[in-house]
Each structure stands twice: as structure tokens, then as C-alpha cells.
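Enquirer: First, the structure itself, so that you have it in front of you.
Just so it is clear, none of the values below were taken in a lab; they were calculated from the coordinates. None of these values were measured; they are calculated from a predicted model. Methodologically, a virtual Cβ is constructed for each residue, glycine included, from the backbone with ideal geometry; neighbour enumeration extends over all protein chains shown.
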Amino acid sequence: MSAHHVTRLIEIVGQANCLTAEPDMTAYTTDYRKVFVGRAMAVVRPADARQVSDVMRYCHDHGVAVVPQGGNTSLLGGAVPTDEIGRPCIVLSLTRLNKVVSVDPVNDTMVVQAGVTLTAARESAESVQRLFPLRIGSEGSCQIGGNLSTNAGGTAVLRYGNMRDLVLGLEVVLPNGEIWNGLRALRKDNTGYDLKQLFIGSEGTLGIVTAAVLKLFPKPRSTSTALIATADPDTALRLLAFMKTRLGHDVTAFELISAPAMTLVREYLRDDQPLFERPHDWMVLIEAISHAEQGEADDMFNDALTEAYDRGLVKDALLGTTEAHVRRFWQLREEISDAQTRAGGSVRCDISVPLSAIPQFIDEATAQVLALDPAIRMVVYGHMGDGNVHFNPLRPDAVTPKAFVASHGDRITEFVDSVALSMNGSISAEHGVGIAKRDELLHVKGEVELQTCWRIKRALDPKNLLNPGKVLPDLAAALETER
């Protein structure tokens, strides 16, 4: 039967765009960290929304599961098949939907297909002196469709918000193959339900995003950057409040970095150039953008840092006085994730708590983790400005990755998530749910909320064909177990 399915799919997308050989499919069935590996009978690469619709309609009629995939940079297994599917399955890659359809600098919008990379979207905006502000470490390979499906965050949420805040309209292929054209470039459209928000953050379980209208912003005239040494997270939090008071919305990024995180990434990058004159336990990368001239903006930025130093909020500072300095600072921040992947044995916890609770969260979670083994390296970093902490304890040097994750992985996750939840936080701030955090939702969300989510899923995808086994836990089985 699989051969028959493949034959029909080839008729839709062409022989070259229906991959069936295992070596050709491996990159699509293995996740970014090589933690989640699945199987599929084919990888199908449609060229446009109409082909996506035809593929989806065929799969809907014949009970074939579909796993939508963008750049496959998910950290939680949300973009690859799982062995739980238990039926014929394809990976639907949106890579060929890679056109920037239009850019409108007057309306400050652009229309892009789902397979456009984040870098390409940003460059298209810059070509007309506009800014698309989403910025994440994987921007060269992640795609707009994937950014939408996970409601991506990144380093500029403090000023511009998540992906959910950067979208005006969507085009979506529904599970039955119907195409919803919601590509409206309107900032005011008060005509009932805002359907686009239903699909953003749903990780491909409700529909397949094929195009989007994105918001653009005036390109800033100046950018001021500094890498700051500070005493501890509590002092960093007070520094954030002070900088926002002095510079207002110009503060775009405020990234907290622990000493173990900095040590790890510098070893990974072989960065042996001096940083500060002496080691510091905590650092912050601060960026402020402005529409003032560069010299004027730098003066305001530096004056604020000087006053912060006088107030005891800053221990040392490295100013980004050249493009090379700024590139180095951001590379040190953005490569921490890859450094952990290369090292192996990192327990990745992507939590958010109210800003005021960040220092207490870090203290309590650190104490619980180090009680397991004081040699664990506390790789803690993230978007302090919006309350998102990547709390990723890393194995001691003497312990293998496999042994560390096997012995401590689940307990660390439980400790960290419990501390975050006790502070009215979230167990997933920007990485989504995928399969890795799916079953944890049984302990995070109430029965009414989960039942409502399932009602929406069943209404749009009654055959449970779109990315099955992701995001939504098996609530019925859980309730039966409780009984």
C-alpha cells in the first residue's frame, strides 16, 4: 500500500521531490540534536500552496499521517516523525516554498512563503530600509513557517514581542486540503475570531502555514552594545530596570550569561582573546537601538552605564565600539546552544517566570540541581529582559553524556520545572512542546484547558493526521489511569 501512496504523491510533486531512499530521508527524520529519530515512507517537497493542498487532501482521504517541517531546528522533537504514529506517515517539507512575495515599505509589511529562512526575511526588509526584528541563533536555517508554528521568541522580544506579535495575516492549508487565505495586511480588522492566532504556536497540529504577512519596522539609525559584568542575577535585574528607566524602549536585548556558559562557549569557539581583566560569575549582553545619530545614542548609552556603575550595578564593561566587537559579543551569546550540543549531556530547560522572580528561581533551581552532584556545570543564560531563562545543567567533565542524562535528566527537569511552576511560570517559554514536553502538560494544564484544546484539534483534524503525537498529551488515557 505504501508504494501506491508514493506513486500518487510523485504525481503531485514530481519524482525529484518525493524522497524515499533512507539516506536521502535521514536529514528530515532526525532532529537537530539527533535525539529524536523517526521513520517515514517518504519526504514530500511541494512547490506551492496548491501542491501542499493536493498532498494534504490525498493524505486526508487515505489516512496518511503528515509531519510538517521547516528548517528542522526544533529542540523538542516537534518536526520529525515518531514511532508512536502507528500508520503510514510522510514528512512534508516546506523548503521549496521559499519566495519573498512582496515588500511594502509604506505599509511596513512583507508577504513571504513559509520556507523563507529568517535570514532571507531580515535581508529583504533591510533592502528597503526596514527591520524585521525576530532574531534567533538558528536564523540562517530556521524558516518562517517553523518560527510561526512554535511562536518563536529570541533576543528582541523585550522590545518587539514574540512571533505572534509580528504577524498580520496567514495562508494555511487545513487537514482536509482546504486553503484558508488570510493574507490580510491590516492592523485593524475587528471582524470576529482572529483565526491566525489559532495556528501560531500549534506546531503544525491544526494546519500547515504556507505564507504570512509580517510586520516591518523603521530601520534604526544606531545600535549601542555592551557586555557587562555584574555581581549576580538580582543585581542584573536591577540593572535592567535602571536601563529601561534611562533609555526606555531603546533597550532591545538584555541577555544574562553565567560564567560556566561563557566558559563553555569560548572553549567551543576557541576564543582565547581576553575578555574582562578578572573572572566574573555573571555577565549581561545589552543592546539598545535608536533613531538618533550614532554618536548621540552612544553618549546616552554610555552615560547610563556610567551611572549604573556608580550605583554598584556594573562591575566592569566592554563596549561594542567596533563592528568586530559587536559580532564577537553576539557570537558568544548565540553559540552557547551549539556548544552544549557539541559537549553532550545537557539537560535543556526553557522556562519563563515573572521578571521579579528570576533571581529566586535561579537560586532555588541551582541549589536543587547541585544537591545531585556539585560538579554539574550550571549553564544558565537567556533572555532576562522578557523573563525567559535557558536553565541547562551540563554534565561534569568526568561523566559521559549518556550516563548523566540517564541518571539525572528526568530529575533535573522535574526540579527545574517545579520551581518555575511554583512561581507562576511556564515550562516552555519559546521552544514549544513537541514530544519532549508533551506529557508534562498533564501536570501543568487543567482538564478543562486540555479538553478544550482537544476539541479544537478534533474539529479541524478529526482523523488526527497532522503531526500526531505532538503538543497534546493523551488526556483520555491519563484520566482513565487516574480513575
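Enquirer: Give me the angle, in degrees from 0 to 90, between the Cα long axis of helix 323-334 and the longest principal axis of the Cα atoms of the chain, rounded to the nearest 10.
Expert: Orientation of helix 323-334: about 60 degrees from the principal axis.
Enquirer: Work out how much length ASP234 to LYS445 would gain on full extension: take 0.36 nm times their residue separation and subtract the Cα-Cα distance, in nm to one decimal. Intermediate values should be presented prior to the final figure.
Expert: Values: separation 211, 0.36 × 211 = 75.96 nm, distance 2.97 nm.
My answer for the length gained is 73.0 nm.
Enquirer: Let me ask something else. What FRET efficiency do you get for THR30 and ASP316 if R0 is 51 Å and r is their Cβ-Cβ distance, rounded to the nearest 0.05? Present the calculation step by step, with values, prior to reporting the outcome.
Expert: Details: r = 42 Å, r/R0 = 0.83.
The pair THR30/ASP316 has a calculated efficiency of 0.75.
Enquirer: Also, I was wondering about something else. Would you kindly give the portion of the calculated P(r) for segment 2-93 that falls above 14 Å, as a percent of all Cα pairs?
Expert: 61 percent
Enquirer: If R0 is 25 Å, what FRET efficiency do you get for ASN176 and ILE10 from their C-beta distance, rounded to 0.05?
Expert: Calculated transfer efficiency: 0.70.
Enquirer: Hey, fewest Cβ within 10 Å first, where do LYS188, LYS437 land in order?
Expert: Going from least to most buried by this count: LYS188, LYS437.
Enquirer: Further question on the same structure: Measure up LYS219/LYS244; LYS215/LYS463; LYS315/LYS402; LYS437/LYS457 against 28 Å on the Cα-Cα distance and list the ones that go over.
Expert: Exceeds cut-off: LYS215/LYS463; LYS315/LYS402.
Enquirer: Evaluate the relative contact order of segment 32-164 (contact order divided by residue number), counting alpha-carbon pairs under 8 angstrom at least 6 apart; express in whole percent.
Expert: Reported as a whole number, the value is 22 percent.
Enquirer: Please compute the length gained on full extension between ARG221 and GLU323, using 0.36 nm multiplied by the number of residues separating them and subtracting their Cα-Cα distance.
Expert: Stretched fully, the ARG221-GLU323 segment lengthens by 35.3 nm.
Enquirer: How tilted is helix 233-247 with respect to the longest principal axis of the chain? Cα atoms for both, answer in degrees (0 to 90, nearest 10).
Expert: The angle comes out near 90 degrees.
Enquirer: What distance in nm lies between label points placed 7 Å from Cα along the C-beta direction at THR306 and ASP83?
Expert: Distance between label points: 6.4 nm.
Enquirer: For the chain, what does -39500 (n - 2.57) per DSSP helix run (n ≥ 4), summed and divided by total residues, give at 222 nm, in deg cm²/dmol to the nearest 500? Can you show the working numbers first?
Expert: Numbers: 18 runs with 178 residues, N = 483.
About -11000 deg cm²/dmol.
Enquirer: Looking at segment 344-422 from every direction and averaging, what is the projected area of its Cα convex hull in nm²?
Expert: 4.6 nm²
Enquirer: Which of LEU198, LEU158 has the fewest other C-beta atoms within 10 Å, and how do the rest follow up to the most?
Expert: The most exposed by this proxy come first: LEU198, LEU158.
Enquirer: What list do you get for MET423, MET262 if you sort them by fewest beta carbons within 10 Å?
Expert: The fewest-first ordering by Cβ neighbours comes to MET423, MET262.
Enquirer: While we're here: So what is the orientation-averaged projected area of segment 72-116, using the convex hull of its C-alpha atoms, in nm²?
Expert: Seen from a random direction, the Cα hull of segment 72-116 projects 4.7 nm² on average.
Enquirer: Subtracting the Cα-Cα distance from 0.36 nm times the residue separation, let me have the gained length for LEU269 to ASP474 in nm, one decimal. Walk me through the numbers before you get to the answer.
Expert: Working: separation 205, 0.36 × 205 = 73.80 nm, distance 4.21 nm.
Full extension from LEU269 to ASP474 adds 69.6 nm.
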